[in-house]
1. Karplus couplings for the range 133-141 from phi (6.51 cos²θ - 1.76 cosθ + 1.60, θ = phi - 60°), rounded to Hz, Gly and Pro as x?
2. Take the alpha-carbon centre of the range 344-396, take the same for the range 443-467, and report the distance between them in whole Å.
3. Projected onto the charge dipole of the chain (+1 at Lys/Arg Cβ, -1 at Asp/Glu Cβ, origin at the Cα centre), which of 495, 515, 427 gives the Cα projection farthest towards the positive end?
4. Using only Cα atoms, what Kirkwood radius does the range 321-412 have, in angstroms?
5. If you take every residue apart from residue 514 with its C-beta less than 14 Å away from the C-beta of residue 514, what net charge results, scoring Lys and Arg +1 and Asp and Glu -1?
6. Per DSSP H run of at least 4 residues, take -39500 (n - 2.57); add these up for the chain, divide by its residues and hand me the 222 nm value, nearest 500 deg cm²/dmol.
7. Taking the Cβ of each residue in 30, 264 as the centre, tally the other Cβ atoms inside 10 Å and list the residues starting with the fewest.
8. What translational diffusion coefficient, to the nearest whole µm²/s, does the range 28-157 have by Stokes-Einstein, given a Kirkwood radius computed over alpha-carbon pairs, a temperature of 25 °C and 0.890 mPa s viscosity?
Amino acid sequence: MRRSGLALLLVLSTLALPADVLAQDSAAPKGALPHWLPNERWVYQHWLPFDESRLYTELGVSRAAIWRHLRNDAEHDLAQLGRRRGLGPRELAARLVAPRVAHVSTARAALLRERAYRVLTQGHLSQHILFHSLHQTAVPNRARYIFGTSRLDFLRRRRAEAGPAQIGRLFGRTDGQMRRRTEQTLRRMSARGVRERQFSPRQARILLDRQLRQVPRWLGQSRYNGPPQTSEQGTPLLPQADFANNPSLSADGRFLAWDAYRAKIPEARALGEIRVMRQELDGGEPVEVSGRPGGQAGSGPRSAYNASLSADGGTVVFEAAEGNLNFAKRYSAMQVQLAGAADGTWQTFKVSHAARPAGAGSRTAYNPSVSADGGRVAYEATDAGRGGAASRNGMFVFDRATGRERLIGRGSGGGASYAPRLSADGAWVVFVAEDAAADGHALVFRRALAGGRTTLVSRADGPRGAVAGGDAREPAISRDGNVVAFTSGARNLGTRAGSSVYVRDIKRGRTVSVGGGGGTFAFDPAISPDGRFLAYAVRRSPQARAAVIHLHDLRTGTDRALSRSDGYASEPTVADGGTRVAWSSTVRARGKPGGLTGVFVEDVESGRARLVSSHTPLKATARAAGIRASAPEHLTGAFLCPLAP
């Protein structure tokens, strides 16, 4: 899974804002920003006081229509839709909760009606409770149990763009433990809401299905989509400027793609918070390649991110989602899309939804990987259940030549399969699977797309080496699929503390350890297409705020550090022959302030690294009173996540 390391999250909500976008909620303190929410349990647990099916019936609209209406939550609320039907907000609130009030006390009935009224009349509150299902407090409040660290430390690391699973791994949690305990926590909170008659069993089932379908993606997601960290006085703790991360090199090192974040609200509102850039490194200029499919005109901001460049440099795959109209933050289910150059222009194609049959349920797709020529794309997708069935996560491969999608794995024994990575020749895919036969550990496998033959990769040295006795993850694969790298802290592979990167030559049956261990943590392995060079990152301890990129020659055994040690470097990508390596880092550089992530590339022979991304600074200052007024949400809200449409 790609990670952004300790990057600064986008500081949109710390900018000076015009008065017309302040304090949407009538209960908000003076000066509060638009994303302010009341710090009440029912709000943060999404205990909707009525069944949402009644909302659609009473308003005569679909969920999609409400999504479009609430996209501009500064000017729109649900009460407006009610008035179109001749219903005032108090009358509509009473109708919505009517089936429930006969089974509760008079006081509870009054409380439900009041909450329903607030949902109807507060645009951001209704957007939050209907479409941000994992923006809740239950999971961070149990951070010690789920991730092995305190709630405050967990939130600090999330704001610094460390993924939830990444955090838990530092403290000895397995992927399976984190997934199961997160799901258990959400189930318990849903059951508590029903038991306390906060919401109905039917609405609880709807909410829980949405939450559980988002868990796999959220655990592996480094992008923090919530508000920034500020001082007690409301001052931003890090510089305000554009930032960038997630670099991806072509096989020859000629082309580089990356994710670029806009920090100016007017630009983000008009164009989207994040876009994918591509550049020819030998003299070319950066070009945005993540336009809308088919040149469609946009109806609002759209973001594209988590880009992966094909080995020939001619195709980029990425995730894309629509944004809301106030801060351009993601407000829609994600799709995997593909951009390719044709006749000198870049054209975008929807991959993950292209083969969906008519009437299929909603889908969120993510974690794309692409073959060298762009002909095949692998990704994960979570499909909503039909007819009351639970949602399901799976890995898929789309073949552009045939226009067909193929399921390649769902997990077994109550486990999960994830992180598919295609070989450049398009013949193999490596992935991670939790397997009941391995005591719930996550293991790395390689599968042939022709015939489906599957090989265990995460094993000790030797043709029949012992199966890894701990989690194995973060697979990377060579062009021909014969060399696979992965990360593990399994003791029977040789790691005594921390985590190491391992490289397995499948044809020779050899596994070697490269970096990490001894209390240090090696992560983010990247194999050069020719299978000879390995780039990876190392941090010295769970508490370390610095990480360094290394380049290892698997033939000679030589290993050298590339990045500076005064920043957090991660996400390396390496070209054939180890000639070029790119990574993201928070170090200060000419044109980029310290603390923000930027994309660097080094020509290894010369040893010169240069900043590729741009970091336009902002002149606006924070509105301290507004940020302080919204502090209760900021302390709990680390969960703006993939959304269920």
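All of the numbers you see were taken from the coordinates with simple rules; none came from a lab. This one's a predicted model, so the numbers in the text were calculated from it and none came from an experiment. Backbone-built Cβ (ideal geometry, glycine too); neighbour counts: all protein chains shown.
1. Per-residue couplings from phi come out as 5, 9, 8, 8, 9, 4, 6, x, 5 Hz.
2. Cα centroid to Cα centroid, the span is 26 Å.
3. Looking along the dipole axis, the top candidate is 495.
4. On the way: mean 1/r = 0.0689 Å⁻¹.
Across the range 321-412, the inverse of the average 1/r is 14.5 Å.
5. Values: positive: 504, 510, 532, 555, 560; negative: 461, 474, 505, 524, 553, 559.
Summing Lys/Arg as +1 and Asp/Glu as -1 gives -1.
6. So the helix-based figure for the chain works out to -6500 deg cm²/dmol.
7. On the way: 30 9, 264 18.
Ascending Cβ contact count within 10 Å gives the list 30, 264.
8. On the way: Rh = 16.0 Å.
Here the translational diffusion coefficient equals 153 µm²/s.
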